[in-house]
Amino acid sequence: MPPKRKPLSAALVPSEELVAATVVSAPVTPVTSPKRATTKARTVQQTVYLPPAVHDQLRKIAFDERVKMHDILIEGLNLAFARRGLPRTDELA
């Protein structure tokens with residue numbers, strides 16, 4: 001005859017020895033990329049509303065050139081700034 005099974009609740013309650021052995025006093029710090037944290041701290045989010053056809057065209061260019069859509073938008077801002085004699089985005093940061 002097989003041994004009698006313990007209830008699931010008994011398995012979920014850790015023993016005192018296990019709890020004492022696994023307590024760690026190290027502080028919990030979130031795992032974030034240093035580059036992302038500093039970049040996000042230095043930037044302001046701006047939303048752009050695009051017609052679907054414009055979005056699709058931008059997305060296709062980004063895919064074909066294997067770059068992010070953001071990079072193409074920054075390129076456009078740099079062209080607009082240059083036309084007006086203003087510094088590029090990387091010169092302002």
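None of the figures in this text is laboratory data; all of them are computed from the coordinates on show. Note that this is a predicted model, so its numbers are computed, not measured. Positions of Cβ are generated from backbone atoms using ideal geometry, with glycine treated the same way; all protein chains shown enter the neighbour counts.
For this structure, a couple of remarks:
- Descending semi-axes in whole angstrom, ellipsoid equivalent of the stretch 47-93, from the Cα gyration tensor: 22, 12, 9
- In terms of the mean number of neighbouring beta-carbon atoms within 10 Å, the peptides 66-74, 79-87, 40-48 order highest first as 66-74, 79-87, 40-48.
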